[in-house]
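Heads up: the structure comes next, in structure tokens.
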């Protein structure tokens, strides 16, 4: 299945600035897509995953515009044609 990934981090230019098309096995969840992205772009691994391979707490994700926290978190399954958006930490006061 193909999933379009949009990355909005300060290092977005390191991956060419545009969306990335990942070809993933059926049934892959958001965590699996993040891991696949980190494998394809090793320079992202440290910013996306901790030393145990878990997605860092500050990483937010949307699937087709809906935050994964309102679905099954990073275990949210992806389907062919989905759009996965990874967002940087947001601060404010």
Within the chain, helix-based [θ] at 222 nm, where runs of 4 or more DSSP H residues each add -39,500 (n - 2.57), nearest 500:
-5500 deg cm²/dmol
How many nm is it between the label spots at residue 8 and residue 71, if each spot is 7 Å from the Cα in line with the beta carbon?
1.6 nm
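Based on alpha-carbon positions alone, could you give the equivalent ellipsoid semi-axes of the chain from the gyration tensor, as √(5λ), descending, whole Å? Write down the numbers at each step before the final one.
Details: eigenvalues 66, 50, 36 Å².
In descending order the semi-axes read 18, 16, 13 Å.
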With both partners inside the chain, how many of the DSSP beta bridges are antiparallel, as a percent to the nearest 5?
75 percent
Rounded to the nearest 0.05, what FRET efficiency do residue 50 and residue 80 have when you use their Cβ-Cβ distance and R0 = 30 Å?
0.55
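Every read-out reported here was derived from the displayed coordinates using simple, explicitly stated rules and does not represent laboratory data. Because the structure is a prediction, the values reported are computed rather than measured. Methodologically, a virtual Cβ is constructed for each residue, glycine included, from the backbone with ideal geometry; neighbour enumeration extends over all protein chains shown.
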